[in-house]
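Read-outs throughout are calculated quantities, based only on the coordinates presented, and are distinct from any laboratory measurement. The shown structure was predicted, so the numbers you read here are calculated from the model rather than taken from an experiment. Reconstructed Cβ throughout: ideal geometry from the backbone, glycine too, with neighbour counts over all protein chains shown.
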Amino acid sequence: MSQELSRRRRAIITGLSPFLNDTLLLEAIGLWQQSYADRPRFSLQGFVSELCRLFDLGERRHHIHMSLVQAMSLPDNALHADPWADQADSDARAHPCTQGFQQLMQQLWHALGDQQAGQVRLDLLTLLRQKKTTAEVRRAMESWLQHPQQALAPLSMNALREQLNRVYVLLCERAGPVDADRLLKQAYDATAQQHPSLAPALRQLL
Amino acid sequence: MKLLPLCASLLMLPAISHAGSLDANDTVWVTTAAALVFFMQAGFALLESGLSRAKNSLNVVMKNYMDLCVGTLVFWALGFGLMFGTNPSAWYGQDGFALSQASTDTWAMLLFQIMFAATAATIASGAMAERTRYVGYLCGAMLITGVIYPLFGNWAWNSNGWLNQMGFVDFAGSTVVHSVGGWCALAGIMVVGPRLGRFDNRGRPRNIPGHNLSYVALGGFILWFGWFGFNGGSTLAATVDIARVNLNTQLAAAAGAAGSVLYRLLSRRPILLTETVNGSLAGLVAITAGCATMVPGYAILTGLVAGLLVGPGERLLLAMRLDDVVGAVPVHAFAGAWGTLAAGLFYQGDLFDSQRVLVQLLGIVVAFSWAFFTALIMYMGVALLAGLRAPALHEQRGLDVSEHAEAGYPEFSHGALYDADMAADMERRQ
């Protein structure tokens, strides 16, 4: 996870905390990560507009915008802590299945090549919106699929299994069932070889 | 012309035997033939397992094994009575359910007919392989052996059945057993849908090769062997007529294989083992109706045409995006329909009798309408109540692991993700 991303998230948390309670703040951060984190640093208008629309904060729009712009310029030591940064490290240790899933997917993307992998990720994003998926899983997966180099937020075993199976179904549709089996097996072997500590989690996941 | 009364008496044999006319030799032959037909289940199991991927190979065998078991019990309890019970209405039998007291003739008949019922039921397992839930499939097998097969069997084989009364000729069951099973299989694959990724987004089929084609050939040999009991035993007596019945069986099977090879040669395609085996099976299915009432030359023609039908039949299903894993519909339904028509066309001493051909056509249409639509409703009901389509996760893991927590090849699983250890994990999780 990049330092810059963590810093900007801390700035967003700092800028929004006078206006939102903890629950809404988490939702707002999720929204920012999902749709705005990859945009230029000061292009906050769209994000603020959507926030005001979602949380009915139209009257405070100007203040929220100003607060965010100011927070972006604050020095590091003036920013609120990033609770997700520590969480990400500990989660990786506490959630080997999530890590295993992520590594397995990386191997699959690698084997598929950039173009095919991109198509599968797009299909998966579409499925996340079409199929019954909890908001938490959808947000985490969407964020990760749009920024695959970032860490995937920890998810339950069942959710990961479901997502893996969706990927398998997409592979069957795109490459055929015989190749889908082969690709999954190759990805498993490569992941288990490169990360032996994840092998038990991978077996559980599959 | 002397053969006509003989043939007519052969057609009536189920009823005659039920009335009690088997001597010891007849009984020995019929029960031995029943064992031969039983052995066909092993042939079906090998053929269907060989044509499935390794990760589903056990599941297919388990379906063959258990449809025989549940089919036996259901046919004893319900099917036999519906099929061969007293039949004043000409539509269904009214007694003979769950028999515990009867003559030795009836025991022989019941044993032999149980094997036929199980054959009709097991045809669907191969067509629906690799994506059908075990319990859902068995529910379907119970309804086929308990209702669908025996009711049509009553119309065609019960001495008072309405089709039988019209002179419908189906000596050993091209239509009664094979087409009925094939039409049920067609309904099954329509309801359960194709395997994941079987067709690409333009509808073009993808090849999903079976895991062991030697099994397919071995299954073909065993089925062929068992068919001598299937057709020869349908004389229901140890008579000299068995010789011609089984000669015709042999000739038609050989001609069926030759027909499928001929089709491949004419269409300039490589000659496939799978299609060749299916060609011989189509020949066997086709001759089943007329093996007692045809001269050998016509038996060869019947088998040859059946073999020629297999390839185009499989392609027709693929064009309709229907995924029949083993080609059960062309082999059993299409070839069965053709064989039933051929039995009318090539009836010895009365060739090409339009009246007889019309009755045969009526029987074919009735078999399709009854078996296909009833099975369609049945499988929809099973899908709704018990679940028919295996979840995508089960298809990913393979039905061996997901349904049985066992691996087909625990010591030879190189290249398979879901190996014996994974299967053991699954069992521990449950």
So, for the Cα atoms of chain B, Rg and Dmax in Å stand at 20.7, 70
Length-normalised contact order of chain B, Cα under 8 Å, at least 6 apart, in percent, tallies to 23
Here the protein assembly as shown gives, from Cα atoms, an Rg and Dmax in Å of 31.8, 111
GNM on chain A, Cα springs under 10 Å; top mean-square fluctuation among A:Asn165, A:Asn21, A:Asn77 goes to A:Asn77
Averaged over the residues of A:179-190, the number of partner chain Cβ atoms within 10 Å of each residue's own Cβ comes to 3
Footprinting proxy, B:Met109, B:Met190, B:Met62: sorted fewest to most Cβ within 10 Å, the residues are B:Met190, B:Met62, B:Met109
Helix-only [θ] at 222 nm, chain A, -39500 (n - 2.57) per DSSP H run of 4+, per residue, nearest 500, equals -24000 deg cm²/dmol
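Where in chain A is the longest stretch that carries no trypsin sites (Lys or Arg not before Pro) classed as loop by DSSP and with at most 13 other Cβ atoms within 10 Å? All intermediate terms of the calculation are to be shown ahead of the outcome.
Details: sites that count: A:Arg41, A:Lys131, A:Lys132.
The longest such stretch corresponds to A:42-130.
Which loop-located GluC sites (Glu not before Pro) does segment B:343-412 contain, where loop means any DSSP state but H, G, I, E or B and the Cβ has at most 13 other Cβ atoms within 10 Å? Before the final figure, lay out each step's value.
Values: sites: B:Glu395, B:Glu403, B:Glu406, B:Glu411; in loops: B:Glu406, B:Glu411.
Within segment B:343-412, the qualifying GluC sites (Glu not before Pro) (loop, at most 13 other Cβ atoms within 10 Å) are B:Glu411.
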So, with points 7 Å from each Cα along the Cβ direction, the A:Leu26-B:Ser21 label distance in nm works out to 8.3
Two pseudo-spin positions, 7 Å from Cα along C-beta at B:Glu411 and at B:Leu385, lie apart in nanometres by 4.5
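Starting from the coordinates of the alpha-carbon atoms of segment B:246-289, obtain the Kirkwood hydrodynamic radius over all distinct pairs and give the value in Å to one decimal.
On the way: mean 1/r = 0.0985 Å⁻¹.
Value: 10.1 Å, from the Cα pair sum.
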Highest GNM mean-square fluctuation among B:Ala371, B:Ala416, B:Ala390, for chain B with Cα springs under 10 Å, belongs to B:Ala416
With a Förster distance of 35 angstrom and the Cβ-Cβ distance between A:Gln119 and A:Leu5, calculated FRET efficiency to the nearest 0.05 equals 0.85
Mean projected area (nm²) from the convex hull of Cα positions in segment B:203-299 is 7.7
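Taking Rh as the Kirkwood radius computed over C-alpha pairs, what is the Stokes-Einstein D of segment B:323-390 at 4 °C in a medium of viscosity 1.567 mPa s, expressed in µm² per second?
Details: Rh = 14.0 Å.
Calculated translational D: 93 µm²/s.
Rounded to the nearest 0.05, what FRET efficiency do B:Ala319 and A:Leu54 have when you use their Cβ-Cβ distance and R0 = 45 Å? The partial results should precede the final answer.
Values: r = 50 Å, r/R0 = 1.11.
Taking R0 as 45 Å, the efficiency between B:Ala319 and A:Leu54 is 0.35.
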For B:Val61, the net charge from surrounding residues (Cβ-Cβ under 15 Å; K, R +1; D, E -1) works out to -3
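Do me a favour and compute the ellipsoid semi-axes for segment A:94-206 from its Cα gyration tensor, root of five times each eigenvalue, largest one first, whole Å.
On the way: eigenvalues 71, 65, 31 Å².
They are 19, 18, 13 Å, listed largest first.
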Here the gain from full extension of B:Ile271 to B:Ser369, 0.36 nm per residue of separation minus their alpha-carbon distance, amounts to 31.8 nm
Per-residue ellipticity at 222 nm attributable to helices in chain B (runs of n ≥ 4 DSSP H, -39500 (n - 2.57) apiece, nearest 500 deg cm²/dmol) works out to -21000 deg cm²/dmol
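If each residue's Cβ is checked for other Cβ atoms within 10 Å, how do B:Ile148, A:Ile64 rank with the fewest at the top?
Numbers: B:Ile148 25, A:Ile64 22.
Neighbour counts put them in this order, fewest first: A:Ile64, B:Ile148.
What do you get for Rg/Rh of segment B:48-193 when both radii come from the Cα atoms and Rh is the Kirkwood radius?
Numbers: Rg = 15.6 Å, Rh = 15.5 Å.
Rg/Rh: 1.01.
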Once both label points are put 7 Å beyond Cα along the C-beta direction, the A:Thr126-A:Asp38 separation in nm becomes 1.8
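Less than 11 Å Cβ to Cβ from A:Leu171, Lys/Arg counted +1 and Asp/Glu -1: what total charge do the surrounding residues give? Walk me through the intermediate numbers first.
Values: positive: A:Arg166, A:Arg174, A:Arg182; negative: A:Asp123, A:Glu173, A:Asp179, A:Asp181.
Computed value for this residue: -1.
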Place a point 7 Å from the Cα of B:Ser89 in the direction of its beta carbon; the residues of segment B:150-168 whose amide N falls under 18 Å from it are B:150-165
Checking B:Asp67, B:Asp323, B:Asp200 against a Gaussian network model of chain B (alpha-carbon springs below 10 Å), the top fluctuating residue turns out to be B:Asp200
Excluding residues fewer than 8 positions from A:Lys185 in its own chain, the aspartates and glutamates with Cα under 14 Å of it are B:Asp419
Ranked on Cβ counts within 10 Å of their own Cβ, fewest leading, B:Ser280, A:Ser143 go A:Ser143, B:Ser280
With DSSP loop assignment and no more than 11 other C-beta atoms within 10 Å, the trypsin sites (Lys or Arg not before Pro) in segment B:248-319 are B:Arg268
Excluding residues fewer than 8 positions from A:Lys132 in its own chain, the aspartates and glutamates with Cα under 16 Å of it are A:Asp123, A:Glu142, A:Glu162
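Only sites in a loop by DSSP and with at most 11 other Cβ atoms within 10 Å count here; which trypsin sites (Lys or Arg not before Pro) in segment B:183-231 make the cut?
Filter output for segment B:183-231: B:Arg202.
Give the shape of chain A as rounded, prolate or oblate, defined through the alpha-carbon gyration tensor: a ≥ b ≥ c are the square roots of its eigenvalues, a/c under 1.5 means rounded, and otherwise the shape is prolate if a/b is larger than b/c and oblate if not. Walk me through the numbers on the way to the answer.
Numbers: a/c = 2.46, a/b = 1.92, b/c = 1.29.
The shape class here is prolate.
Compute the FRET efficiency between B:Leu351 and B:Ile377 as 1/(1 + (r/R0)^6), taking r as their Cβ-Cβ distance and R0 = 30 Å, and round to the nearest 0.05.
Working: r = 39 Å, r/R0 = 1.31.
The value I calculate is 0.15.
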